[in-house]
Amino acid sequence: MLLQSGRAAKNKLASLNRTRTSAILVQGLAAALLVLASWYFVANAARNLLALGVSGGFGFLTREAGFEIGETTLLSYSAADTYWKALVVGLLNTLRVAALAMLFSTLAGALVGSARLSRNWLLGHVAALYVEVIRNVPLVVQLFFWYAVITESLPAPANSLSPIQGVFLSNRGMAFPVLVSLLPFELEYPRFSGFNFAGGGSLSPEFTALLLGLSLYTAAFIAEIFRAGFLSVDRGQSEAGYSLGLSQRQVKRFIIAPQALRLIVPPMTSQFLNCTKNSSLAVAIGFPDLVSIANTTINQTGQAIEGFLIIMAVYLTISLAISGFMNWYNRRFALRGAAA
Amino acid sequence: MLRTIRGLGALALVVFSATTARAQATAGTVVKKGFVQCGVNTGLAGFSQPDSQGEWRGIDVDVCRAVAAALFADARKVRYTPLNAQQRFTALQSGEIDVLSRNTSWTIARDAGLGLNFVGINYYDGQGFMVTKKRNVKSAAQLNGATVCVQPGTTTELNLADYFRSKNIKFKPVVIEKLEEVLNAYFAGRCDVYTTDVSGLIAARASRAANAADHAILPEVISKEPLGPAVRHGDDHWFDLVKWSLFAMIDAEELGLSSKNIDQQEKSPNPVVQRFAGASGEFGKMLGVDKRWAYNIIRQVGNYGESFERNLIPLGVTRGVNRLWNQGGLMYAPPLR
């Protein structure tokens, strides 16, 4: 009996080994094919380009870019800088708009999502209308819309609106005072000179339109994720809370919210990824994001393959970083044992 | 996003196609498929733009038609691929198009670095600035601090930066990809200045401004933009054919041959005209086409002056430096002999 079961186990193990070996073999073969295929395509492209007399490689990155960039984040840049620096400026612009859009869309999404769950008829329906309208209109159309609203409805800088003292709204964007020193308290005010405002801080119409469009668009999806998260907590949970004598607010805060948030995190990751990738629509309305700068670079240098490789590598890195962070966050806050 | 996808498509062509490099016999392939695949602008009045019937018109389009007339004795055997500034070179390199005739400036970087051969120049242009007259700007030197609307992916962006750098003038570029949108931004007042080739400024002012008289083109022309058709490296025969199709149009104007009079001139005793009509000489054979190739071009497309007259004069463009060399301009083609 014992012997028999031992033999059976041995057989089982052997067959298991066989399956495992063949699995490894198949996977190895697939990997080898993949490597060979990519090698073929890379070599083929290189050969074609060489025959066409197109010089390849990343050497162009250290050449002088020679074009100006409308707005920069943190870094200062001039046409005398290299392509490399121009691309970094583009990347920082992408990160700035993507990070702010993620923040605002999460806040707006949470608000709209809870509004849609509210028992107030008007609030619920307004939120539902928002979600349905925004979600079903292509983002690029919305960007053109916001850009047109800003540039066509606001006056020229010479007759700009000034809703608050020192803040000016015009079709060149918003100019506002910035703090130059805390002690003594001193603000630098924008002044109108020649063509535009100088001094102080400013938000360009391109950045504003992109941030607004991206935030509102992503918020509609996030609102639905919040709603789904809250609705998926079992009714019994709140009933149990009430029977313990907790108030409605306490039930929401201590029973439902913690469970809902755990469900919300994983789908939020894809929204954050979409938000970052959608920011590449910036090029349509003239915000100098990474894709816009890379496009100009590709065109001036003719290094299309290298340029696209850079774009792909950067978005891949950003996306992997976001998912990495979100997965870490999820593992940390998921129920023990429930984390997959 | 769509743009990126299209860009990737062109990229894929370079990566996947096995024969782009050795497309030695472009003429043969073109004859086999029965039409010339010509890369043109997505819509630039006077150069290449579909008219209300969907028929492509413009001086760049006429070059494509001339090649078809030379090759097929039928100027209609052209298919057009509208290309934006970014796609155009990849489209030519990958073999997606046979000729690139899309107001493209001939520069060393493009000629030597991108695997292109420019066949000649069909429009001498230069970059200029357009401003609203309200601003009372009379010269580009007064543009310090101005916001400038510009399209990406062209020599325009570089010239702009170079010019202002050399004058130590500060400016803010607003770089918008589509012509439609960049013009919207300028006419909505988002920018003080719109810059592109002067021909483009004139075309935009004529076709898009609510009131053309409100916009002034500044006197400064900050660059040389010799616009011309290009083919890819590696096929000298095709290069010759496209080159001489263009030259034939320019030479015809010089000889006084036009679509209207070439039929009467055909019997002319003038040996130069004889060569043109194909009655004498072996030029067709040398180019590998019918001996009446030049006649067909002029009969069906017209000479360079006719093309200019038809496409650019109605927009308010003057001949200027694009007059023939013997009339004080720069248009000069090697002789058919």
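For residues that are β-branched (Val, Ile, Thr) and outside any loop (DSSP other than H, G, I, E, B), scanning just segment B:98-120, find the one that is surrounded by the most Cβ atoms within 10 Å (Cβ to Cβ).
B:Val99
Within segment B:242-261, can one find any residue that is touching a Leu at 6+ places or on another chain (Cβ under 8 Å) and assigned to a loop (DSSP other than H, G, I, E, B)?
no
Starting from segment B:114-136, keep only residues that are over 16 Å from B:Thr156 (Cα atoms) and in contact (Cβ under 8 Å) with a residue 60 or more places away in the chain, then list their pairs with residues that are surrounded by fewer than 24 Cβ atoms within 10 Å (Cβ to Cβ) and among the aromatic types (Phe, Trp, Tyr) whose Cβ atoms are within a distance under 8 Å, requiring at least 6 positions of separation or different chains.
B:Asn117/B:Phe239; B:Phe118/B:Trp106; B:Val119/B:Phe239; B:Gly120/B:Phe247; B:Ile121/B:Trp106
Has segment A:232-254 got at least one residue that is within 14 Å of chain B (Cβ to nearest Cβ), farther than 30 Å from B:Ala112 by Cβ and either modelled with pLDDT of 90 or more or surrounded by fewer than 23 Cβ atoms within 10 Å (Cβ to Cβ) (or both)?
Within segment A:232-254 (the criterion being within 14 Å of chain B (Cβ to nearest Cβ), farther than 30 Å from B:Ala112 by Cβ and either modelled with pLDDT of 90 or more or surrounded by fewer than 23 Cβ atoms within 10 Å (Cβ to Cβ) (or both)), the answer is no, since none of the residues qualifies.
With B:Gly284, B:Gly288, B:Gly329 as the choices, which residue is over 16 Å from the mean Cα position of the chain (by Cα) and farther than 26 Å from B:Glu266 by Cβ?
Going through B:Gly284, B:Gly288, B:Gly329 in turn, the sole match is B:Gly329.
Restricting to segment B:93-108, what's the tally of residues that are closer than 15 Å to B:Asp62 by Cβ and of a type in the set (A, V, I, L, M, F, W, C)?
Summing the residues that are closer than 15 Å to B:Asp62 by Cβ and of a type in the set (A, V, I, L, M, F, W, C) in segment B:93-108 gives 2.
Identify all residues within segment A:84-110 that are within 12 Å of chain B (Cβ to nearest Cβ) and either among the charged types (D, E, K, R) or out of contact with any Asp or Glu (no Cβ under 8 Å at 6 or more places or on another chain) (or both); write none if there are none.
Correct list: A:Ala86 only.
Go through B:Gly281, B:Gly316, B:Gly305, B:Gly329 for me and flag whichever is surrounded by 16 or more Cβ atoms within 10 Å (Cβ to Cβ) and farther than 30 Å from B:Lys32 by Cβ.
Of the residues listed, the single one that is surrounded by 16 or more Cβ atoms within 10 Å (Cβ to Cβ) and farther than 30 Å from B:Lys32 by Cβ is B:Gly305.
Would you mention how many residues in segment A:64-83 are more than 11 Å from chain B (Cβ to nearest Cβ) and touching a Gly at 6+ places or on another chain (Cβ under 8 Å)?
Looking only at that region, the number is 0.
Which number in (1) closer than 17 Å to A:Ile222 by Cβ; (2) in contact with a Gly (Cβ under 7 Å, 6 or more places away or on another chain); (3) not aliphatic (A, V, I, L, M) marks the one condition that A:Arg135 misses?
It is condition (2) that A:Arg135 fails.
Could you list all residues from segment A:62-112 that are without any contact (Cβ under 8 Å) to a residue 12 or more places away in the chain and over 21 Å from the mean Cα position of the chain (by Cα)?
A:Glu68, A:Ser76, A:Ser78
Conditions first: (1) away from chain A (no Cβ under 12 Å); (2) touching a residue at least 60 places away in the same chain (Cβ under 8 Å); (3) assigned to a strand (DSSP E or B); (4) over 30 Å from A:Ala158 (Cβ atoms). B:Thr81 passes all but one, so which condition is the exception?
(2)
Tell me, which residue of segment A:272-312 that is surrounded by fewer than 20 Cβ atoms within 10 Å (Cβ to Cβ) and more than 10 Å from chain B (Cβ to nearest Cβ) is farthest from A:Ala101 (Cα to Cα)?
The residue in question is A:Glu306.
So if I check each of A:Gly199, A:Gly113, A:Gly166, which one is within 13 Å of chain B (Cβ to nearest Cβ) and more than 25 Å from A:Ala282 (Cβ to Cβ)?
Of A:Gly199, A:Gly113, A:Gly166, the one residue that is within 13 Å of chain B (Cβ to nearest Cβ) and more than 25 Å from A:Ala282 (Cβ to Cβ) is A:Gly199.
What pairs come up if the first residue lies in segment B:225-237 and is within 30 Å of B:Thr195 (Cα to Cα), the second is buried (at least 21 other Cβ atoms within 10 Å of the Cβ) and of a type in the set (D, E, K, R), and their beta carbons are under 7 Å apart, counting only those six or more places apart or on different chains?
Listed pairs, sorted by first residue: B:Glu225/B:Asp125; B:Glu225/B:Asp197; B:Leu227/B:Asp125.
Looking at segment A:261-273, which of its residues are touching a Ser or Thr at 6+ places or on another chain (Cβ under 8 Å) and over 11 Å from A:Ile222 (Cα atoms)?
Hits for segment A:261-273 are A:Leu263, A:Leu273.
What strands (runs of 3 or more DSSP E) completely inside segment A:144-204 contain at least 2 residues that are in contact with a helix residue (DSSP H, G or I) (Cβ under 6 Å, 6 or more places away or on another chain) and not polar (S, T, N, Q)?
Because the criterion is at least 2 residues that are in contact with a helix residue (DSSP H, G or I) (Cβ under 6 Å, 6 or more places away or on another chain) and not polar (S, T, N, Q), no strands (runs of 3 or more DSSP E) in segment A:144-204 meet it.
Give A:Leu143, A:Leu74, A:Leu129 a once-over and let me know the one that is assigned by TED's automatic domain parsing to the domain that holds A:Leu281, surrounded by fewer than 16 Cβ atoms within 10 Å (Cβ to Cβ) and aliphatic (A, V, I, L, M).
Criteria check complete, one pass: A:Leu129.
Which condition number in (1) within 11 Å of another protein chain (Cβ to nearest Cβ); (2) part of a helix (DSSP H, G or I); (3) surrounded by fewer than 19 Cβ atoms within 10 Å (Cβ to Cβ); (4) touching a helix residue (DSSP H, G or I) at 6+ places or on another chain (Cβ under 8 Å) is the one that A:Leu61 fails?
So A:Leu61 meets the others, but not (1).
Is one or more of the residues making up segment A:119-139 in contact with a helix residue (DSSP H, G or I) (Cβ under 6 Å, 6 or more places away or on another chain), in contact (Cβ under 8 Å) with a residue 24 or more places away in the chain and within 14 Å of another protein chain (Cβ to nearest Cβ)?
Yes, there is a match, as at least one residue in segment A:119-139 is in contact with a helix residue (DSSP H, G or I) (Cβ under 6 Å, 6 or more places away or on another chain), in contact (Cβ under 8 Å) with a residue 24 or more places away in the chain and within 14 Å of another protein chain (Cβ to nearest Cβ).
For segment B:184-202: of the residues being under 20 Å from the mean Cα position of the chain (by Cα) and among the aliphatic types (A, V, I, L, M), which is farthest from the other protein chains (Cβ to nearest Cβ)?
B:Ile202
Tell me which residues, restricted to segment B:9-55, are at pLDDT 90 or above, exposed (fewer than 14 other Cβ atoms within 10 Å of the Cβ) and assigned to a loop (DSSP other than H, G, I, E, B).
Within segment B:9-55, B:Gly34, B:Asp51, B:Ser52, B:Gln53, B:Gly54, B:Glu55 meet the criteria.
Being exposed (fewer than 12 other Cβ atoms within 10 Å of the Cβ) and among the small types (Gly, Ala, Ser), is that true of even one residue in segment A:200-219?
No: segment A:200-219 contains no residue that is exposed (fewer than 12 other Cβ atoms within 10 Å of the Cβ) and among the small types (Gly, Ala, Ser).
So which pairs qualify, if the first residue must be in segment A:173-193 and within 14 Å of another protein chain (Cβ to nearest Cβ), the second must be assigned to a loop (DSSP other than H, G, I, E, B), the Cβ gap must be under 6 Å, and the two must be at least 6 apart or on different chains?
Final answer for the pair search is A:Gly173/A:Ser204; A:Ala175/A:Pro190; A:Ala175/A:Gly200; A:Pro190/A:Gly199; A:Pro190/A:Gly200; A:Arg191/A:Gly199.
I'd like the full set of residues that are surrounded by fewer than 21 Cβ atoms within 10 Å (Cβ to Cβ) and small (Gly, Ala, Ser), limited to segment B:229-250.
B:Gly234
Okay, residues lined up against (1) over 16 Å from B:Ser105 (Cα atoms); (2) more than 11 Å from chain A (Cβ to nearest Cβ); (3) at pLDDT 90 or above:
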position	(1), (2), (3)
B:Tyr124	no, yes, yes
B:Lys138	yes, yes, yes
B:Thr154	no, no, no
B:Leu158	no, no, no
B:Asp162	yes, no, yes
B:Phe171	yes, no, yes
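Can you pull out every residue in segment A:234-284 that is under 30 Å from A:Leu211 (Cβ atoms) and aromatic (Phe, Trp, Tyr)?
A:Phe272
The values are calculated or read from the model by the stated rules, or taken from the named source; none is laboratory data. The shown structure was predicted, so the numbers you read here are calculated from the model rather than taken from an experiment. Positions of Cβ are backbone-derived with ideal geometry, glycine not excepted, and every protein chain shown enters the neighbour counts.
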